[in-house]
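Computed from the coordinates by the stated procedures, all read-outs in this text should not be read as laboratory data. Quick caveat, the model's predicted, so the values are computed rather than measured. Quick reminder, even Gly has a Cβ in these numbers, built from the backbone with ideal geometry, and neighbours come from all protein chains shown.
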Amino acid sequence: MPPEEPLRSVRLDDDAGALVLIDQTLLPSETVLLRLSSPEEIREAIYSLRVRGAPAIGIAAAYGSYLAIRESSARDWDELAREFRAAKELLASARPTAVNLSWALERMEGRLESLRGRPCGEVKSALRAEAEAIRSEDEAACRAIGENGLSLLRPGWGVLTHCNAGWLATSRYGTALAPLYMGQERGYGFRVFADETRPLLQGARLTAWELDQAGIDVTLICDNMASTVMRRGMVQAVLVGCDRVAADGDTANKIGTSGLAVLARHHGIPFYVLGPVSTIDLSCPTGAEIPVEERPAEEVTERWYARRMAPAQVKVFNPAFDVTDASLITAIVTERGIARPPYGESLRRMAGP
Ligand code: MRU
């Protein structure tokens, strides 16, 4: 099972006034805990993927917006609100695709607004409690996603997953990996295939490490081997996380996810998306409106190689996410249940007011 404190992907040390993160860029060779306090440091950690995964970056940003005003000497609510909003804007600009980042910051701002005119001390305590609630609600959501997801799986199945949607990417348990942890407790004996997930290798470095540490049977494959394991009958379900689910069910997730969905359809394998309701963005009508982050060329040409491996002048296209067509998704699993097509209706019922 995922670790107890202090090894959490993200947590608050309120006595020290710091956000404590596992630096995910150093895993699996080193487990280094970072202690960050300023919005600038926390933005950098999110941008550089020291903390990553949609729910985890939302939680980190929520704590970051609280830490930004924790030591403030603002004399009244208006001054405190100005400081909060400057930090919020900075943190929200770190990464565009995962809606959980802006969702968590909006929720923090809503709490601030609900206390308009109140003394600064009271507002600070309320923002700390709100950030803690975002974290603890995510933990409960991940557990429920695990239970709901497990109901779709059978003992002994081969499961393929992409990127890392485990405890490192959330407050605990994960989303796509949560059913695997629950299944392990109950002796399901899953055999998991982890895509390495080029270019940043979240599958090879993080998912393989997480599952191996937990004693779950995991086999690492390169991204281009997914078709082979499917064709050989080694995979009975694909489980992936999500960064933003549009109102029609189109889903943004780590680059490479949409290709897996096409392969799964071809091979007649169910393709499940798992994520908390906070990842559903009903204000985004379709996948076409989801902003897709593009990242530096260096991640493709140099990172992880002893020497640059591509010609110096070659053009590089490095989108960090892709959008999977709703028509390729068998079901979307959240803490509130399992949404099935047509997603326009099922997601509105699940995530609507
Ligand atoms: O760029 P990353 O590593 O933050 O991308 C993460 C993913 O795409 C995850 O699958 C998604 O955020 C869900 S995490 C529970």
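Quick notes on this one:
- Helix 257-267 vs. the chain, principal-axis angle (Cα, 0 to 90°, nearest 10): 30 degrees
- Ordering Leu36, Gly187, Ala87 by the projection of their Cα atoms onto the charge dipole of the chain, which places +1 on the Cβ of Lys and Arg and -1 on the Cβ of Asp and Glu, puts Gly187 at the extreme positive end.
- Rounded to the nearest 0.05, the FRET efficiency derived from the C-beta distance between Ser151 and Arg231 at R0 = 30 Å is 0.65.
- Here the 3J(HN,Hα) profile of segment 170-185, calculated from phi with Karplus coefficients 6.51, -1.76 and 1.60 at θ = phi - 60°, is 9, 6, 5, 6, x, 10, 5, 8, 4, x, 6, 5, 5, x, 5, 4 Hz, Gly and Pro shown as x.
- Computed from the C-beta positions of Ser125 and Met309 and an R0 of 51 Å, the FRET efficiency is 0.50 to the nearest 0.05.
- Kirkwood Rh in Å, taken over segment 10-143 so that all alpha-carbon pairs contribute: 14.7 Å
- Tyr305, Tyr272, Tyr188 arranged by Cβ crowding within 10 Å, fewest neighbours leading: Tyr305, Tyr188, Tyr272
- Near-label residues of segment 219-255 by backbone N, under 16 Å of a point 7 Å along Cα→Cβ of Arg348: 246-250
- Convex hull (Cα only) mean projected area of segment 144-350, reported in nm² to one decimal: 11.6 nm²
- Bridge orientation summary for the chain: considering DSSP beta bridges with both residues in this region, about 45 percent are antiparallel.
- Highest mobility in the GNM of the chain, judged by mean-square fluctuation with C-alpha springs under 10 Å and restricted to Asp195, Asp325, Asp15, is found for Asp15.
- Helix 54-70 and the longest principal axis of the C-alpha atoms of the chain enclose an angle of approximately 10°.
- When the Cα gyration tensor is reduced to axis lengths a ≥ b ≥ c, the ratio a/c is 1.5 or higher for the chain, and with a/b above b/c it is classed as prolate.
- Per-residue [θ]222 nm for the chain (sum of -39500 (n - 2.57) over DSSP H runs n ≥ 4, rounded to 500): -11500 deg cm²/dmol
- Exposure proxy order (Cβ contacts within 10 Å, fewest to most) of Trp103, Trp167: Trp103, Trp167
- Listed from fewest to most Cβ neighbours within 10 Å, the set Arg186, Arg231, Arg172 follows the order Arg186, Arg231, Arg172.
- Highest-fluctuation residue, Ser102, Ser125, Ser278 considered, GNM on the chain with Cα pairs under 10 Å: Ser125
- GNM on the chain, alpha-carbon springs under 10 angstrom: the most fluctuating residue among Ala252, Ala87, Ala312 is Ala312.
- Percentage of interatomic Cα-Cα distances in segment 102-221 larger than 23 Å: 43 percent
- Legend: calculated FRET efficiency, Thr286 to Asn318, from the Cβ-Cβ distance at R0 = 22 Å, rounded to 0.05, equals 0.40.
- Furthest towards positive pole of dipole, Trp103, Ala331, Met225, structure part the chain, Cβ charges: Met225
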